[in-house]
Structures are given as C-alpha cells and as structure tokens.
1. Test of the criteria: in the stretch 1-106, which GluC sites (Glu not before Pro) are in a DSSP loop and have at most 15 other Cβ atoms within 10 angstrom of their Cβ?
2. Report, in order of residue number, the helices in the chain meeting two criteria: a C-alpha extent of 18 Å or more along the helix axis, and a mean Kyte-Doolittle hydropathy of at least -1.0; treat each whole DSSP H run as one helix.
3. Using only C-alpha positions, report the orientation-averaged shadow area of the convex hull of the stretch 45-110, nm², one decimal.
4. Roughly how many Å is it from the Cα centre of the stretch 77-148 to that of the stretch 35-60, as a whole number?
5. With a sphere of radius 15 Å drawn around the Cβ of K129, what net charge do the other residues whose Cβ falls strictly inside it have (Lys, Arg +1; Asp, Glu -1)?
6. Write out the trypsin sites (Lys or Arg not before Pro) in the stretch 65-107 meeting two conditions: DSSP loop, and at most 14 other Cβ atoms within 10 Å of their Cβ.
7. Leaving ligands and nucleic acids out of the surface, order H12, H54 by accessible area at 1.4 Å, largest first.
8. Quantify how much of the Cα-Cα distance distribution of the stretch 1-47 extends past 12 Å, in percent.
Amino acid sequence: MKLNSLTDLFQHEIKDLYSAEKQLVKALPKMAKAATNPDLAAGFEEHLAETQEHVNRLEQISKDLGFSLGRHKCKAMEGLIEEGADLIEEDAQENVRDAGLIGAAQRVEHYEIAGYGTARTLAMQLDLKAAADLLGLTLEEEKATDIKLSKLAANTVNVEAAEAGGDNSQE
Ligand code: FE
Ligand code: FE
C-alpha cells in the first residue's frame, strides 16, 4: 500500500483498527470465559457488545468515504491477544489469573486509545467531521473501559488475589 498523503494514512489507520477490533470480537468471549470474578466476566461481555459497535462504526466510515477495509492484519493486536491467551493457559490461581487478565485487557485498551486518538486527529485534519465524531465516540468508550478495569483491579480483583497468595503459601 502506498502512503502518499494523509488520506492514505488515515485509511491505513482505519484498516488497522478494523482488523484490531475484529480480532477482539473473537478474543473477548474467551477472556470472559476465563475470568472468575463475575464483575470482570460481565465487564468483558459488556465490552464485547461495545466492540461490535466499534466494528460497525469503522464499516460506516469506510462506506461513507468510499474505501474498502481490505485484508490488512493488525499484528500488534494479534500479539496482545496471544499474550492474553498464553496467560489463560498458565496454571494459575484463579484470582491471580483475573489480575493478569485485567493487565492484558488494559494493554489492549491502551493500544486502541492510541489508534483512535491518531485516527481522530487525522480525520479532523482532513475535515472529515462525521468520521472524527464516530472515532471520538469509540475513543471515549475505550477510555471508560480502561478506567473501569483500573478500578476493578484496585478495589476487588487484586485484593482477592493478594488474599489468595496468603492461602497458597500454606499449601
Ligand atoms: Fe474497541
Ligand atoms: Fe476496547
């Protein structure tokens, strides 16, 4: 793909985000299934519904602007998901696994926040108001998810994991 203009770069960013979101739609149910804490599992399910909407918004943008989303693969998301999958495979105490799942999920959110921030800025630069608004909506949902995960870690999951560590030392 040739990147001769900011428009080319913008379309490239949208394709990358599209691949990232589609991979996440597949990964989030596995993360929900692996989570023990019911609030964490529910959080993953809730973000799955949002993620499906993120996919729809990117499809809307490509349709409105008349470019195809193609078969580009977001390698960064592939790697982040692979790390999460490796963690799920580990022989872990369940509360400790939950704490690790939050870390994996927050890495994903931070990656998305960076991508949507970049894409939104490009859209504004290119005077693509409708696209910038859609990207901004998703950006805010990614940020809100990240904050929810931080709170869940600090208030519940990490606390339970710390208590579980005490139990383990007696085994
Ligand atoms: Fe998303
Ligand atoms: Fe997300």
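The values are calculated or read from the model by the stated rules, or taken from the named source; none is laboratory data. Please read these numbers as outputs of a predicted model, since none were measured by experiment. Positions of Cβ are generated from backbone atoms using ideal geometry, with glycine treated the same way; all protein chains shown enter the neighbour counts. Each accessible area value is taken on the protein alone, full model and side chains, heavy atoms only, with ligands, DNA and RNA left out. Shrake-Rupley method; radii C 1.70, N 1.55, O 1.52, S 1.80 Å.
1. Numbers: sites: E13, E21, E45, E46, E50, E53, E59, E78, E82, E83, E89, E90, E94; in loops: E90.
Sites meeting the loop and neighbour criteria: E90.
2. Numbers: long enough: 6-34 (41 Å, -0.29); 38-65 (41 Å, -0.76); 75-89 (21 Å, -0.01); 94-125 (46 Å, -0.28); 129-152 (34 Å, -0.05).
Helices passing the filter in the chain: 6-34, 38-65, 75-89, 94-125, 129-152.
3. Taking a quarter of the hull surface, the average projection is 5.5 nm².
4. 11
5. Working: positive: R57, R120; negative: D64, D127, D133.
Every neighbour counted, the sum reads -1.
6. Details: sites: R71, K73, K75, R97, R107; in loops: R71, K73.
Qualifying residues, ordered by number: R71, K73.
7. Details: H12 55, H54 0 Å².
Greatest to least solvent exposure: H12, H54.
8. Value for the stretch 1-47: 66 percent of Cα pairs lie more than 12 Å apart.
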